[in-house]
Amino acid sequence: AVAAAHRLAIVQDTFVLGISSEAERIADALITEKALPENSQEDALHIGIATSHGMDYLLTWNFKHINNAKKKLHVMQVIQNSGFTCPVLCSPEELGVES
């Protein structure tokens, strides 16, 4: 509970990015091109939202599908083929952010 409260305090002043048609298109491409499994639509949309809004980084503790060393290159290739620049996919610790 203490750690969760600390994380919430860190993101208290952040804003929520909206879902755009570009985000959905990127997410669909990530699934279609098998960069992410079919049952990972929410993870694909998470990446699509960050990408379509031009975020430099996507911080995540999701090591299964988003911050996965075996999947990152494929994710980046699909995003580049969609005409966008992939944000750096990393954990807060990798970026040096206290969690």
To the nearest Å, what is the center-to-center distance of segment 38-78 and segment 1-34, using C-alpha atoms only?
-> 10 Å
Positive minus negative residues near Ile49 (Lys, Arg vs Asp, Glu; Cβ under 12 Å) | -3
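Quick check on the chain: helices-only [θ] at 222 nm, where DSSP H runs of length 4 and up contribute -39,500 (n - 2.57) each and the sum goes over total residues. Nearest 500, please. Display every interim value, and only then the final one.
Values: 5 runs with 50 residues, N = 99.
After summing the helix terms and dividing by the residues of the chain, the value is -15000 deg cm²/dmol.
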Mind running the shape call on segment 4-47? Use the C-alpha gyration tensor, a ≥ b ≥ c as the square roots of the eigenvalues: rounded below 1.5 for a/c, prolate if a/b tops b/c, oblate otherwise.
-> oblate
Tabulate in residue order the Karplus-calculated ³J(HN,Hα) for segment 23-39, using 6.51 cos²θ - 1.76 cosθ + 1.60 with θ = phi - 60°, rounded to whole Hz; enter x for Gly and Pro.
-> 4, 5, 5, 4, 4, 4, 5, 4, 6, 4, 7, 6, 6, 10, x, 4, 8
Relative contact order (%) - the chain, alpha-carbon pairs under 8 angstrom, separation at least six | 27 percent
Dipole magnitude (debye, nearest 20) for segment 1-84, charges at Cβ of Lys, Arg, Asp, Glu = 360 debye
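When ranked by the protection proxy of mean other Cβ atoms within 10 Å per residue, highest first, what sequence do the peptides 42-48, 88-94, 73-79 form?
Values: 42-48: 21.4, 88-94: 15.3, 73-79: 18.0.
Descending packing order for the listed peptides: 42-48, 73-79, 88-94.
Every read-out reported here was derived from the displayed coordinates using simple, explicitly stated rules and does not represent laboratory data. Everything numeric here is computed off the predicted structure, so don't read it as measured data. We place every Cβ from the backbone using ideal geometry, glycine too, and count neighbours over all the protein chains shown.
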